[in-house]
Amino acid sequence: MPPAAASRPRTFHHSAFSAQAIAVARQEQRLGVSVCLPARECAGTVGQIVAALGELREAGAIDRIVVVDAASADGTAQVAASAGAEVWQQAELLPAFGAVLGKGDAMWRALSRLDSELVCFLDADSERFSAHFATGLLGPLVCEPDVQFVKAFYRRPLAVERGRAGTEAGAGAGAGAGGAAAGSAAGAGAGAGAIGGGAEPGTDFTSYCASASWISSAI
C-alpha cells in the first residue's frame, strides 16, 4: 500500500455490521473471536455487559467472553462468571513479570492466553451497554479486507453543573484511561498501549480503522 494511502484512516458506522453478517463472514474465514474485559470493582455493570455479549456468542459472532479481574472486592468475578464469562485473575497471568502495572498491563498479559485470531477489548464499567459496542469494532475486522486494527470513537454525554448536558467527540489516549479496540492477536498486542476513552450510554459508536502498516507507523 502506498504511504499516502496508508496514512488515511477509514471509518465505518456500527450499523453497517450486524451480528449475523459478522457470524457468516468469520465462519467463512475460520476466524476465532474473543472479547476481553479488564475489570476492577465493576460488579454493578459487568453482568449486563457479559449478558449482552452472550447474545453475540449465541448468534455466532464471537466465541469467548473473558473478564480479567483485578482482585475486585465487590464481587465482580462472581457476577461475571454467573453471567457466562470466563474469569481470570490478572495476578495469575504471566506472574514471572511481577506485579500487574495497571489496566494496559493486564490487557497485554491476557494475550498470552487468548488463542483467537481476533481479540476485542471492551470496558467492563460502561452503563447501558449495547452489543453494537462490540459489533462496531469487529465488523470492519471481519468484513473489510486488509483491516487489522480498529479503534472506536464516539460522541458521549457529559454531565455538567445543574443538570445541563453537553457532548464530547473523539477518543482518548492511554491504556490507563480505558477504551475499546480490537485487532488481530498481533495487532491488538501492539496497540494495547495506545487505546483509550470508554464509550458511555446512549452514544453513537463509530469504528476507526487503519491498515496494519498505518498502525505500525503510528505507534
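The values are calculated or read from the model by the stated rules, or taken from the named source; none is laboratory data. These numbers come from a predicted model, not from an experiment. Neighbour counts are summed over all protein chains in view; Cβ atoms, including those assigned to glycine, are modelled from backbone coordinates with ideal geometry. Heads up: the accessible areas ignore ligands, DNA and RNA and are worked out on the full protein's heavy atoms, side chains in. Shrake-Rupley method; radii C 1.70, N 1.55, O 1.52, S 1.80 Å.
Peptide packing: for 50-60, 92-102, the average count of neighbouring Cβ atoms within 10 Å per residue gives the ranking 50-60, 92-102, highest mean first. By accessible area, using a 1.4 Å probe on protein heavy atoms only, the range 1-156 has 52% of its surface on carbon and sulfur. In this rough spin-label picture, where each label sits 7 Å from Cα along the Cβ direction, the Ala73-Gln48 distance is 2.5 nm.
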